[in-house]
Amino acid sequence: MNSDPATAAINQEEIAGNTVSSDRPLQAGDIDTLFAQPAKEPAETVINAVDVWKIYNPGPNETQALKGATLDVFKNEYLSIMGPSGSGKSTLFNMIGALGKPSRGKVYIDQVDIAQLDHNELAWLRCRKVGYIFQSYHLIQVMTCLENVTLPMAFAGMEAEQARDRGVKILKLVGLGHRVLHKPAELSGGQQQRVAIARALANQPEIVLADEPTANLDQHTGQEMIDLLCSLKEELGVTIISATHDLKMLQRSDRILWIEDGQIVKAARPDDIDFSTSEFDH
Amino acid sequence: MSTIPHQVKLPSRVALDVVLQGIRIRFGRSVVTVSGVVLGVAFLMSILAGIVLKAGVAAEDTLRVEVERMTKFLEAETGTFDRKNFAILPVGTLTNAEARFLDTLKNTRGVTLRVFDPNAFLTAEQGELLEEAQMEELADGVSALLMMGEGRPQGLDFAEVMANARQKVVASTSPEIPLPEATGILASSLSRKLAEAEQQALMEQQRRDRFRDGWIIIISLLVTIIGISNAMLMSVTERFREIGTMKCLGALSAFVRRMFLFESAIMGIVGGAMGCVVGLLFSIIAYTLTYGPTLVFSGLFHSLGTLLLYSVVTILAGLILSVLAALYPASVAAKMVPAVALRSNI
């Protein structure tokens, strides 16, 4: 599979339980080793949202964040969601990521109605099935990068030693091998976002939900993150849902949805869109 | 349709590890929280210990006045104690003041004491250094016969007993002991029975003191509750987002609750123990500066049991209040939908 001798050597090290010794750009083999999982057949849906409403502060001063949003997310798809701020993007993210309960309507993840799940099953879902990348990172400030990344593994019941090794590997994968024991406050915004991405990948999720993952990254790192997300999708069948205004991300995605005023107003494939039009003024 | 399994329940050890690591990492913040507990408990303990010390000082003071009066009264009847013999006739177990008076006599230079104690009213320690004698020869050559204890002498002919005494003085150290009315005998009560009105005034004073102490305890308890709750509430609410993040990463509510249970229990015990010591030391130093070390420490010695009880009570109060104050907001945060906890901005 890997003819490159350098990559082969690194893979052998990883198999032997050693950590990768040098920082280098992401290579295809790394993902195989870390997320050993066969690629899955596409086409079936992994998330269905049916007429989802979300109303904050019900009453005379209520805010309708979502007004009957309906969408299907296919397995192994890279879906981008666009919308101005206040359009209900983040609320939609919370709903389809099982982080909040819709006021009306249903959200199915893998055909399971998440409203029917108890807190225990929801915790399992959030731990293993979905990886979250937040716009404001939400790293635990008092923990080191490594501890932030190994926390979801601890919640999944992984042994500390094993989690540590895996955490170091994932951090190297996102290019932070040299910052493993640093606290988030000692890192730049882009580096913190990379820790957040590493944390989202901790338990080999099937779905990665990313809220503006490249917003705080420089061009080069942003490109690397897109490459990383795309290779996860292609090699492991991970489904990626991302809110973004980044043209590069939009161009690489399989499908783009527009959300406006709490409703999905438009869907398109990147090939059908002229990226120079005013639709991207938001 | 796929089924969703249950999330693994992590052992308590994991929660404890996370907690200890957290306390170590945010040590500065932990110290601030613990100081809140220390201050609360120290305040409560200093009030409680102050009440105990004050009572000890007052009791010791009364005792000293009483002993001094007995000594003075006896000296007034017999003249100076130098080279005097006294006969001791215990008629019951001795009160604190009587025991102290006996000690004083024993330690007076040139005084010899003789005792007749067939009923063993005196303890072994009290009986030390006393010459044992029979009733017939008890008062031979003595300057006074002292009846001590809470009881009554049985069928004594004082004229006969005191026949060979050097000075025919019969004294009692308890107001309950009836004094003989035989001719030629000087009977004297060394104790002072309080008049009805005096006794009532004293009881009234004690009642008022108890009432005031009760109020001070209640108020200090309130201050402690508010102080500790405030410290713990702050330390938990500022971590709502952290709790929300943990929930997003798959933490169970029970795990979050257990984490905060451990954390608050550790802080409560450490803060409680430190606060207890600080409060006790503060009280002892303050009372020593006011009343002098001898008075305070002799009183302290007699109330060690109470102080120990209060120490346990205050440490438990610190522990329980910390746990309650932390667990309630932590449970609220743990039950929150993660999206809400993440948004919370405190």
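The values are calculated or read from the model by the stated rules, or taken from the named source; none is laboratory data. Given the structure is predicted, the values throughout are model-derived calculations rather than measurements. Note that each Cβ is placed from the backbone with ideal geometry, even for glycine, and that neighbours are counted across all protein chains shown.
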- Message: Being surrounded by 18 or more Cβ atoms within 10 Å (Cβ to Cβ), at pLDDT 90 or above and within 22 Å of residue B:207 (Cβ to Cβ): is that true of residue B:67 here?
- Response: no
- Item | Output for segment A:107-139, where each listed residue is more than 7 Å from chain B (Cβ to nearest Cβ) and either in contact with a Leu (Cβ under 8 Å, 6 or more places away or on another chain) or in a loop (DSSP other than H, G, I, E, B) (or both) | A:109, A:114, A:118, A:130, A:131, A:133, A:134, A:135, A:136, A:137, A:139
- The helices (runs of 4 or more DSSP H) lying wholly within segment B:192-300 that contain at least 3 residues that are within 14 Å of chain A (Cβ to nearest Cβ) and either surrounded by fewer than 16 Cβ atoms within 10 Å (Cβ to Cβ) or at pLDDT below 90 (or both) are B:240-248, B:253-291
- Message: If residue B:65 satisfies all but one of (1) in a helix (DSSP H, G or I); (2) β-branched (Val, Ile, Thr); (3) in contact with a helix residue (DSSP H, G or I) (Cβ under 8 Å, 6 or more places away or on another chain), what's the number of the condition it fails?
- Response: (3)
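Consider residue B:140 carefully, then state whether it is of a type in the set (Asp, Glu), surrounded by 15 or more Cβ atoms within 10 Å (Cβ to Cβ) and out of contact with any strand residue (DSSP E or B) (no Cβ under 6 Å at 6 or more places or on another chain).
Judged against the criteria, residue B:140 is a match.
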- Test: residue in segment B:252-272 that is in contact with a Phe, Trp or Tyr (Cβ under 9 Å, 6 or more places away or on another chain), touching a residue at least 40 places away in the same chain (Cβ under 8 Å) and of a type outside the set (Phe, Trp, Tyr): yes
- Looking at residue A:66, is it on the phi < 0 side of the Ramachandran plot, in a strand (DSSP E or B) and either within 13 Å of chain B (Cβ to nearest Cβ) or hydroxyl-bearing (Ser, Thr, Tyr) (or both)? yes
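Yes or no, residue by residue, for (1) within 17 Å of residue A:211 (Cβ to Cβ); (2) over 15 Å from the mean Cα position of the chain (by Cα); (3) more than 14 Å from every other protein chain (Cβ to nearest Cβ); (4) buried (at least 16 other Cβ atoms within 10 Å of the Cβ):
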site: A:48; (1), (2), (3), (4): no, yes, no, yes
site: A:75; (1), (2), (3), (4): no, no, no, yes
site: A:85; (1), (2), (3), (4): yes, yes, yes, no
site: A:91; (1), (2), (3), (4): yes, yes, no, yes
site: A:105; (1), (2), (3), (4): no, yes, yes, yes
- Any chance residue B:81 is surrounded by 16 or more Cβ atoms within 10 Å (Cβ to Cβ) and without any contact (Cβ under 8 Å) to a residue 60 or more places away in the chain: yes
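Yes or no, residue by residue, for (1) in contact with a helix residue (DSSP H, G or I) (Cβ under 7 Å, 6 or more places away or on another chain); (2) facing chain A (nearest Cβ under 8 Å):
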site	(1), (2)
B:5	yes, yes
B:8	no, yes
B:11	no, no
B:15	yes, no
B:18	yes, yes
B:33	yes, no
B:41	yes, no
B:49	yes, no
- Could you tell me whether residue B:176 is closer than 22 Å to residue B:75 by Cα, within 32 Å of the chain's Cα centre (by Cα) and charged (D, E, K, R)? yes
- Note on the structure: Scanning segment A:69-114 residue by residue, those among the hydrophobic types (A, V, I, L, M, F, W, C), in contact (Cβ under 8 Å) with a residue 12 or more places away in the chain and over 20 Å from residue B:244 (Cβ atoms) turn out to be A:69, A:71, A:73, A:74, A:79, A:81, A:82
- Item | Test: residue B:35 is of a type in the set (Ser, Thr, Tyr) and surrounded by fewer than 19 Cβ atoms within 10 Å (Cβ to Cβ) | yes
- Message: For segment B:175-190, give me each residue that is out of contact with any helix residue (DSSP H, G or I) (no Cβ under 7 Å at 6 or more places or on another chain), at pLDDT below 85 and under 26 Å from residue B:100 (Cβ atoms).
- Response: B:175, B:176, B:177, B:178, B:179
- Item | Residue ID - surrounded by the fewest Cβ atoms within 10 Å (Cβ to Cβ), chosen from residues in segment B:325-346 that are touching a residue at least 60 places away in the same chain (Cβ under 8 Å) and away from every other protein chain (no Cβ under 14 Å) | B:346
- Item | Those residues of segment A:140-162 which are surrounded by fewer than 23 Cβ atoms within 10 Å (Cβ to Cβ) and either part of a loop (DSSP other than H, G, I, E, B) or more than 9 Å from chain B (Cβ to nearest Cβ) (or both), in sequence order | A:140, A:141, A:142, A:143, A:144, A:146, A:156, A:157, A:158, A:159, A:161, A:162
